[in-house]
Amino acid sequence: MKKKILGFLVCAFMILSLTGCGKEEEKTLTCKQNITQSGMSIDMSSIGVFEGSNLKEYRLEYVYDYTELFKQTGVEVTDEVAEQMKESVKTQLETQLKSQKGLTLGDIKNDGNVFSVTITSDYETLKKEYPNGFKKDGEFTYEGFKNENTKNGLTCEES
């Protein structure tokens, strides 16, 4: 009787163990950099969500802070000035994204002197347009993503 129970437990454990195999763990790699120049501060985050070593989701987040620039120049931030700055940021990013297939500019949020922007990716378009990026150590693999961002001066951390 004990042998049957023990055999059953061993089989159940093996079945449970095997059904969990093959499913790769999801990892998020966030790479960040702050650029400060001429009274303007830009916080940039490049975020990759990976299943194993394969990219699953990619987005860029920017926070533009013009507080010091406005203090230095004595510009009063009115709704009109904030809207002009928002349009300037939008135009600049749209120009940069024209040649980048698979990336989409999200809404630009404005909080006075601070603008937040998110750029998202379409996985299928990236895979179709940049197939080499998904090959071993390509920029859309875990190690390639980390290496590319580090090479560009960002500091990466897994969460």
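No lab work stands behind these numbers, since they all come straight from the coordinates. This is a predicted model, so every value here is computed, not measured. Cβ sites come from the backbone with ideal geometry, for glycine too, and all protein chains shown count toward neighbours.
Using Cβ counts within 10 Å as a stand-in for footprinting exposure, how do Phe145, Phe70 rank, fewest first?
Numbers: Phe145 24, Phe70 18.
Fewest to most other Cβ atoms nearby, the residues stand as Phe70, Phe145.
Sequence-distant or interchain residues sharing an amide H contact under 5 Å with Asp137, placed H: which?
Gly144
Counting only the backbone N, which residues of segment 33-56 are under 17 Å from the spot 7 Å out from the Cα of Lys135 toward its beta-carbon?
Inside the label zone: 54-55.
So what's the net charge close to Tyr62: Lys and Arg +1, Asp and Glu -1, counting the other residues with Cβ under 14 Å from its Cβ? Don't skip to the answer; put the middle values down first.
Details: positive: Lys32, Arg59, Lys86, Lys90, Lys109; negative: Asp43, Glu61, Asp65, Glu94, Asp107, Asp111.
Result for the neighbourhood of Tyr62: -1.
Given contacts defined as C-alpha pairs under 8 Å and at least six residues apart, what's the relative contact order of segment 27-153, whole-number percent? Let's see the in-between values first.
Values: 211 pairs, mean separation 31.0, N = 127.
This gives 24 percent for segment 27-153.
Any chance you could run the full-extension gain for Lys127 through Asn147? It's 0.36 nm times the residue separation minus the Cα-Cα distance, nm to one decimal.
5.3 nm
List, in order, the whole-Hz ³J(HN,Hα) value for each residue of segment 134-141 obtained from phi through the Karplus relation with A = 6.51, B = -1.76, C = 1.60 and θ = phi - 60°; use x for Gly and Pro.
Values per residue, Gly and Pro as x: 9, 7, 3, 6, x, 5, 9, 9 Hz.
Under a crude label model (7 Å from the Cα following the beta-carbon direction), how far is Tyr62 from Asp111 in nanometres?
Each label point is offset 7 Å from its Cα along the Cβ direction, giving 1.8 nm.
Helix 2-20 sits at what angle to the longest principal axis of the chain, using alpha carbons and giving 0 to 90 degrees rounded to 10?
The angle comes out near 30 degrees.
Among (i) 1.14; (ii) 1.03; (iii) 1.52, which one is Cα Rg over 2.2 N^0.38 Å computed from these coordinates?
Matching entry in (i) 1.14; (ii) 1.03; (iii) 1.52: (iii).
Pairing the Cα long axis of helix 79-97 with the longest principal axis of the chain, what angle in degrees results, from 0 to 90 and rounded to the nearest 10?
Compared with the principal axis, the helix lies near 50 degrees.
Using only Cα atoms, tell me the angle between helix 142-151 and the longest principal axis of the chain; keep it within 0 to 90° and round to the nearest 10.
Between the helix axis and the principal axis of the chain, the angle is about 30 degrees.
For the residue pair Thr120 and Glu80, what label-to-label distance in nm results when each label sits 7 Å from Cα along the Cα-to-beta-carbon direction?
Inter-label distance under the simple model: 3.5 nm.
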